[in-house]
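Accompanying notes for the structure given below.
Nothing in this text is a laboratory measurement; each read-out follows from the coordinates by a stated rule. Keep in mind the model is a prediction, meaning the values are calculated, not measured. Note: ideal-geometry Cβ built from the backbone for every residue, glycine included; neighbour counts use all protein chains shown.
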Amino acid sequence: MKARSQLLNMELHTAAQRVAAGDVSPVDLVGACLDQAVAISDTNAYISVFEDALEVAEASAAMIRAGYRIGPLHGMPIALKDNINVAGKLTTAGSAVLKDNISMIDATVVERLRSAGAIIIGKTNLHEFAWGGTSANVTFGFVKNPWNKGRMPGGSSGGSGVAVASGACFGALGTDTGGSVRLPSALNGITGVRPTIGRVSNAGVIPLAWSMDTVGPMARSARDCALLLGALAGHDPRDPGSANVGVDDYSGTLDAGVGGLRVGLIEGYSLHHMQAAVEKAVREAVEVLQDLGAVVREVSIPDIEGNISAQLTVESVEPSTYHQRSLRAKRDDYADDVRLLLQAGELIPAVHYVQAQRYRALLRQQMLAAYHEVDVIVCPTLPFTATPLGETLVNIDGEDEDMLSAIMQFTGLPSLTGLPAVSVPGGFDQDRMPVGVQLIGRPFAEATLLRCAAAIQSATDHHLQRPPVLAA
Amino acid sequence: MADMRSDQLTVEDVQATAAMIGLPLTDADAEEVAELLSAWMPAAVALSTRMQSVQELMPASTFNTVTGLAPHELAGVKG
């Protein structure tokens with residue numbers, strides 16, 4: 001038990017170095033993760049676990065013994081959100097609608113992980129079709145937060161967040177439309193990246209809202225995320241939305257520091273309307289950056305108001321379009337909450353949708369203008385910490401609010417504008433539930449964001465804290 | 001929809017629109033959809049109205065250059 005815990009407490013980059021050096025075998029790592037997946041089965045983090053990963057691990061170990069290393073992720077056990085295709089495996093998107101859906105080919109991101117040497121160990125649970133922020137999945141079980149199993153883990157990539165935080169994998173992929181990588185990263189105390197739109201391929205991923213969807217890495221630290229993003233990023237002709245833009249050396253620039261970096265807070269937004277523990281975490285993160293040499297200033301985004309409505313509109317209409325046929329053929333296979341959202345999305349007037357898209361362009365113009373004055377913008381990942389399982393309201397500033405809208409308050413800004421963002425652990429609330437701080441950057445400036453996140457993690461230990469199941 | 005000036009949708013509004021687009025809804029579905037959209041519509045209408053006054057703005061959601069800035073905007077921007 002102790003030996004497994006020691007293995008699983010390693011960060012991904014450390015494990016990768018030790019495998020390369022022959023100190024640790026991929027067989028031990030994969031075996032430990034598969035055992036841990038069983039140990040945390042009450043969290044419903046995984047939908048399926050690949051026992052054949054052990055065979056891959058044997059081959060991976062043999063390669064190392066023979067002096068051959070496939071790539072920087074050689075032998076690393078990685079989990080995938082179950083809306084990402086793996087050839088020959090089920091991809092359910094967390095829904096009974098796709099309960100028998102076997103994928104024919106790997107998603108591009110899976111090809112890239114395998115090309116870097118990673119071993120795919122299973123598929124993680126999610127909010128059905130990624131359309132929700134709590135991972136309350138009626139088909140595969142509500143995903144539970146490892147810091148307190150009576151609380152939700154965020155979503156929609158909740159299973160990936162829980163698996164990473166619990167040590168049931170060394171890194172995971174999520175997908176992020178309105179915040180689905182960043183939200184569970186924040187609520188489970190891990191680090192997650194929403195890359196610039198087009199930076200990482202969506203080919204072979206079941207869409208939610210095409211104009212905002214992206215795959216993103218989730219891991220225990222900025223250094224681990226840098227390693228994963230380096231393997232994932234780059235142009236893909238299979239994805240018509242893929243950007244043909246060069247890829248930075250994310251790991252190589254991590255330790256460059258933040259001296260002189262201009263950090264921005266958006267007036268009336270970055271520190272507005274959130275629970276006290278969240279505000280404290282954001283202020284502390286900004287102070288850490290300032291202590292490390294960053295310069296902090298305020299910026300103005302005149303049309304910031306309206307972002308939640310625009311996101312609700314776009315994130316409703318596009319999924320309703322994708323599911324239009326299926327909703328009519330398999331109505332009763334959808335979860336009640338998702339079915340309602342899909343039905344409602346069909347009834348939103350087209351002019352509202354297009355005006356929301358035009359609003360995105362306006363918001364993007366104003367954000368890009370702000371990046372003349374700053375390099376990184378800081379705000380919370382979400383304005384509250386994990387709520388009880390099944391809750392649909394959240395209390396902020398003494399008032400109960402609809403959770404779906406509240407959850408989008410800060411993650412919507414990068415989602416709507418296509419800008420990259422990172423969620424980093426920012427500490428804990430009074431109930432020891434994790435808080436997330438969000439860093440937002442220029443298009444394709446993931447290296448800057450990861451450098452900033454690494455700087456925070458060099459001066460704090462929030463990312464080193466583990467939930468009870470792993471701390472034991 | 002019976003009254004486009006209203007933010008509040010009735011079950012009848014929802015059922016009529018759903019019939020127009022071939023979306024089958026039970027009475028219970030229609031009731032829930034009406035409630036949800038009635039909660040969302042005031043903000044959506046406000047945003048849509050606000051955007052009517054913004055001219056010469058094309059919707060775009062991808063970036064074509066490294067920074068996403070136009071060439072004349074690039075000067076002075078750090079990488």
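May I ask you to compute the full-extension gain from residue A:6 to residue A:18, defined as 0.36 nm times their residue separation minus their alpha-carbon distance, rounded to one decimal in nm?
Working: separation 12, 0.36 × 12 = 4.32 nm, distance 1.32 nm.
Contour length minus Cα-Cα distance gives 3.0 nm.
Residues A:367, A:218, arranged from fewest to most other Cβ atoms within 10 angstrom of their Cβ, appear as A:367, A:218.
Projecting the Cα atoms of A:292, A:322, A:259 onto the charge dipole of segment A:176-325 (Cβ charges, centred on the Cα centre) puts A:322 farthest toward the positive pole.
Indicate the gyration tensor shape class of segment A:325-459 (rounded, prolate or oblate), computed on the Cα atoms with a ≥ b ≥ c the square roots of the eigenvalues: a/c under 1.5 is rounded; otherwise a/b larger than b/c is prolate and the rest oblate. Numbers along the way, then the final one.
Details: a/c = 2.18, a/b = 1.29, b/c = 1.69.
Cα axes put segment A:325-459 in the oblate bin.
Return the average number of partner chain Cβ atoms within 10 angstrom of each residue Cβ along peptide A:194-201.
Details: counts 0, 0, 4, 4, 4, 1, 0, 0.
That average works out to 2.
Compute the Cα gyration tensor for segment A:222-269, then decide on rounded, prolate or oblate, letting a ≥ b ≥ c be the square roots of its eigenvalues: rounded whenever a/c is under 1.5, prolate when a/b is larger than b/c in the other cases, and oblate in all that remain. Here segment A:222-269 falls in the oblate category.
How crowded by other chains is B:26-37, given as the mean number of beta carbons from other chains within 10 Å of each beta carbon? Let's see the in-between values first.
Working: counts 1, 0, 1, 6, 2, 0, 6, 9, 2, 2, 10, 6.
Across the residues of B:26-37, the mean count of other-chain Cβ atoms within 10 Å is 4.
Per-peptide packing, taken as the mean over residues of other Cβ atoms within 10 Å, places A:312-322, A:454-464, A:416-426, A:29-39 in the sequence A:416-426, A:312-322, A:29-39, A:454-464 from highest down. Relative contact order of chain A, taken over Cα pairs closer than 8 Å and 6 or more residues apart, is 17 percent.
Residue exposure proxy: A:28, B:29, A:291, ordered by other Cβ atoms within 10 angstrom of their Cβ from fewest to most, comes out as A:291, A:28, B:29. Would you mind pulling out the separation of the Cα centroids of segment A:64-110 and segment A:251-298, in Å? After rounding, the separation between the Cα centres reads 35 Å. Summing Cβ point charges (Lys, Arg +1; Asp, Glu -1) relative to the Cα centre of segment A:284-326 gives a dipole of roughly 320 debye.
With a ≥ b ≥ c taken as the square roots of the eigenvalues of the C-alpha gyration tensor of chain A, please select rounded if a/c is under 1.5 and otherwise prolate if a/b is larger than b/c or oblate if it is not? Rounded is the answer for chain A, as its axis ratio a/c remains below 1.5.
Each of the peptides A:131-143, A:90-102 was scored by the mean count of other Cβ atoms within 10 Å over its residues; in descending order, highest first, they stand as A:131-143, A:90-102. Summarising the amide proton neighbourhood of residue A:301: residues at separation of 5 or more, or on other chains, whose placed amide H is nearer than 5 Å comprise A:267. Its Cα centre serving as origin, the protein assembly as shown has a Cβ charge dipole (Lys and Arg +1, Asp and Glu -1) of approximately 1600 debye.
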